[in-house]
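Some notes on the structure that comes next.
Just so it is clear, none of the values below were taken in a lab; they were calculated from the coordinates. Here the structure is a predicted model, which means the values were calculated and not measured. Counting neighbours? That spans all protein chains shown, and the Cβs are built from the backbone with ideal geometry, glycine included.
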Amino acid sequence: MRKKMLNHTPERTCVVCREKKNKSELFRIAKISESNYSFDEKQKLQARAIYVCKTHECIKRISKNKKYSLKIEDLLTMVNLLKKQSKDYLNILKAMKNSEHLTFGINMVMEDIQHIHFLIIAEDISEKNDKKIIAKAKEFNIPYAHFGDKAQLGDIFNKDEINVIAIKNKKVARGLID
Ligand SMILES: [Zn+2]
């Protein structure tokens with residue numbers, strides 16, 4: 001079994017959905033004072049902080065949460081980062097779709113797990129499949145991220161829907177993780 005860690009990052013919990021994720025999958029929001037929260041894009045502000053998933057769903061939900069009363073500018077910045085990032089990701093994947101470095105679909109990923117360096121999981125994957133894939137990823141120390149929806153991932157390969165895409169090339173995986 002492959003046991004080498006590729007990229008170990010600490011985990012934090014999203015204040016909205018309570019899911020534990022890699023810090024790279026979360027936005028940091030610094031608590032400036034009791035009622036003043038500020039988006040910490042560079043993750044460097046010296047203050048206590050909360051974290052929220054880099055997903056439209058969790059950002060939408062935190063925007064409605066009066067407890068954190070985030071500034072509209074901060075919310076817009078987060079949404080725009082999300083859009084830009086997902087577009088970049090999708091474009092990179094589209095450019096590579098015919099290469100041997102990518103594979104997709106739950107069965108293919110499970111079969112090929114030992115050759116995989118990074119997993120991109122659809123945000124709207126079923127909870128059951130999400131757990132199954134994440135358990136496998138953790139077992140083999142494979143970093144993963146939730147990105148786009150099943151239709152967006154499917155679009156890359158001209159399919160209706162795809163649950164998960166796997167990167168089999170180490171360099172490509174690093175490029176996507178950073
Ligand atoms: Zn969340």
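Once you order the gyration tensor axes a ≥ b ≥ c over the Cα atoms, which shape class does segment 11-85 get: rounded for a/c under 1.5, otherwise prolate or oblate by comparing a/b with b/c? Rounded shape, in that the Cα axes give a/c under 1.5.
Springs join every pair of Cα atoms under 10 Å in this Gaussian network model of the chain, and among Ala49, Ala137, Ala145 the largest mean-square fluctuation is at Ala49. I'd like the orientation of helix 127-139 relative to the chain: the angle between its Cα long axis and the longest Cα principal axis, in ° from 0 to 90, rounded to 10. The two axes meet at around 80 degrees. Length available on full extension from Ala95 to Arg174: 0.36 nm per residue minus the Cα-Cα distance, which gives 26.8 nm.
Helix 72-96 and the longest principal axis of the C-alpha atoms of the chain enclose an angle of approximately 10°.
Only Lys, Arg, Asp and Glu carry charge here, each on its Cβ (+1 for the first two, -1 for the last two); on that basis segment 90-177 has a dipole of about 380 debye about its Cα centre. With θ taken as phi - 60° and the Karplus curve 6.51 cos²θ - 1.76 cosθ + 1.60 applied, the whole-hertz 3J(HN,Hα) list for segment 21-37 is 9, 4, 4, 5, 9, 10, 8, 9, 10, 7, 9, 6, 8, 3, 10, 10, 10 Hz, x standing for glycine and proline. The residue among Leu76, Asn36, Thr55 whose Cα reaches farthest toward the positive pole of the charge dipole of segment 1-102, with charges on the beta-carbon of Lys, Arg, Asp and Glu, is Thr55. Label positions at Arg61 and Lys87, each projected 7 Å from the Cα along the C-beta direction, are separated by 2.7 nm. Note on the chain: the C-alpha convex hull projects to 10.4 nm² when averaged across all orientations.
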